[in-house]
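To start, the structure under review is shown below, and the notes come after it.
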Amino acid sequence: MIKISEDFCNTTTHVIIGKGSVSSLSEIIGDKKVALYYSRKLNVDKIKQSLKSYYEFPMEDGEEAKDILYSLKLVRELFEKGFDRGDYVIAVGGGTVTDVVGFIASIYMRGLNLINIPTTLLGMVDAAIGGKTGVNFENVKNVLGTFYQPSFIISDIDFLETLPLEEIKKGMAEVIKYGLVLDKELYDYLVMHKDEIYRKKPEALETVVYKSALNKLAVVKEDERETKGIRIVLNFGHTIGHAIEAGSNFRISHGYAISVGMVCEAKIAEEMGYAEEGVVEDTTWILSHYELPITVDSLKENIDLRIALEALTKDKKVRGDKVLMPFPTRIGDWKRIEVPVETLKGFAEQCLK
């Protein structure tokens with residue numbers, strides 16, 4: 001079992017990674033009151049066995065759960081059960097669950113103790129880490145949200161054993177992102193260990209979760225609230241990737257969209273003279289090696305180019321008429337660049353046709 005601790009401005013986050021790590025819950029929580037939130041699709045018997053007592057709240061796990069009215073319903077339940085600031089809220093599931101539960105934990109009495117237990121690789125390496133929460137309002141995604149760091153993140157590798165290979169692949173897109181722009185050592189590890197990762201060997205999975213968590217925690221510590229232009233590196237592949245998601249009416253998964261997005265953005269970096277020779281080739285090779293899509297055609301979904309380009313103009317990284325983007329300069333390194341929106345749209349149109 002691997003343990004990491006990171007201090008932020010007002011809290012310490014502990015990350016526990018390994019098989020059977022949910023058993024640590026009993027020691028963490030003791031006799032405190034617990035609200036256990038989890039996706040209805042999941043079997044959480046093992047987690048329940050690690051708790052002395054709890055109130056359980058099975059949740060929807062789709063966009064309906066992201067509506068602010070749903071969050072207020074969950075807050076009312078906490079209020080009616082008499083929860084106070086010394087109590088614990090546990091979020092078990094994917095990004096939707098951790099987004100919503102993190103949000104209610106942050107606003108109820110100005111903050112309860114939050115434990116994230118991600119059950120997907122994508123959650124373990126990205127969504128459950130970093131303290132971003134968000135819910136939808138008036139059909140706008142994540143327009144309401146907070147920065148609220150969890151007290152604990154428990155990444156139990158046992159959850160990945162029953163995960164379909166396709167879900168592992170989607171999570172690997174985020175892992176590869178870290179290797180491309182932050183961590184050449186991770187990139188080199190991924191080159192050599194694909195078979196062990198895709199056969200779900202526990203040691204290999206623990207390694208990619210551990211290295212990914214280290215990378216994300218280090219970035220978030222430097223720029224927790226996205227005010228210094230450092231945390232933007234975590235969005236490599238996401239500017240074009242989000243446009244792809246929007247243009248497909250969100251039929252294309254996040255992992256596959258950012259996979260193609262990373263290729264497009266690496267090409268833009270090269271075209272604009274920021275990426276060293278070979279970066280595009282290394283990007284496409286590692287993604288292909290992990291059987292991830294590298295072109296729009298390989299996504300096998302129609303992309304509405306008009307909607308995709310419109311999404312670029314509404315990207316949260318737009319400042320005036322420019323978009324802040326992290327460009328890979330060499331494997332494991334990056335640079336923040338302000339790209340004119342019209343320039344980006346031109347490159348994106350070429351990439352998405």
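The values are calculated or read from the model by the stated rules, or taken from the named source; none is laboratory data. Since the model is a prediction, treat every value here as computed from it, not as a measurement. Ideal geometry is used to build each Cβ from the backbone, glycine not excepted, and the neighbour counts take in all protein chains shown. Heavy atoms of the whole protein, side chains included, go into the accessibility calculation; ligands, DNA and RNA do not. Shrake-Rupley method; radii C 1.70, N 1.55, O 1.52, S 1.80 Å.
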I'd like to check something: does segment 241-256 contain any residue that is open to solvent by 60 Å² or more (accessible area, probe 1.4 Å) and over 22 Å from the mean Cα position of the chain (by Cα)? no
Looking only at helices (runs of 4 or more DSSP H) that lie completely in segment 41-109, which have at least 2 residues being at pLDDT 95 or above and on the phi < 0 side of the Ramachandran plot? 68-80, 95-107
As an exercise: evaluate SER288 against (1) at pLDDT 95 or above; (2) of a type in the set (S, T, N, Q); (3) within 30 Å of ASP7 (Cβ to Cβ) and give the number of the one condition it does not meet. (3)
Would you tally the residues in segment 215-234 being open to solvent by 70 Å² or more (accessible area, probe 1.4 Å) and in contact (Cβ under 8 Å) with a residue 60 or more places away in the chain? 2
For segment 278-288, state whether one or more residues are without any contact (Cβ under 8 Å) to a residue 60 or more places away in the chain, of a type outside the set (Phe, Trp, Tyr) and part of a loop (DSSP other than H, G, I, E, B). yes
Could you tell me which of the residues GLU196, GLU203, GLU270 is open to solvent by 70 Å² or more (accessible area, probe 1.4 Å), touching a helix residue (DSSP H, G or I) at 6+ places or on another chain (Cβ under 6 Å) and free of Cβ contacts under 8 Å to residues at least 40 places away in the same chain? GLU270
Quickly run through segment 112-157 and pick out the residues that are open to solvent by 10 Å² or more (accessible area, probe 1.4 Å), free of Cβ contacts under 8 Å to residues at least 40 places away in the same chain, in a loop (DSSP other than H, G, I, E, B) and touching a Ser or Thr at 6+ places or on another chain (Cβ under 7 Å). THR133
Just to verify a result, which residue in segment 319-344, among those that are at pLDDT below 90 and not in a strand (DSSP E or B), is most open to solvent (accessible area, probe 1.4 Å)? ASP321
Just one of SER21, SER5 is surrounded by 18 or more Cβ atoms within 10 Å (Cβ to Cβ) and either within 22 Å of the chain's Cα centre (by Cα) or hydroxyl-bearing (Ser, Thr, Tyr) (or both); which is it? SER21
Any residue that is within 26 Å of PRO340 (Cβ to Cβ) and among the aromatic types (Phe, Trp, Tyr) - is there at least one of those in segment 274-293? yes
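Listed here are the residues, each with its yes/no results for (1) part of a loop (DSSP other than H, G, I, E, B); (2) more than 23 Å from THR329 (Cβ to Cβ); (3) modelled with pLDDT of 95 or more; (4) out of contact with any Leu (no Cβ under 6 Å at 6 or more places or on another chain).
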position	(1), (2), (3), (4)
GLU196	no, yes, yes, yes
ALA204	no, yes, yes, yes
THR207	no, yes, yes, yes
SER212	no, no, yes, yes
LYS228	yes, no, no, yes
LEU234	no, no, yes, yes
ARG251	yes, yes, no, yes
With (1) at pLDDT 95 or above; (2) among the basic types (Lys, Arg); (3) not in a strand (DSSP E or B) as the list, and LYS316 as the residue in question, which single condition is left unmet? (1)
Is it true that GLU185 is surrounded by fewer than 24 Cβ atoms within 10 Å (Cβ to Cβ) and either under 15 Å from the mean Cα position of the chain (by Cα) or of a type in the set (Lys, Arg) (or both)? no
Taking segment 222-258 and keeping only residues that are more than 20 Å from GLN149 (Cβ to Cβ) and of a type in the set (D, E, K, R), one is left with GLU245, ARG251
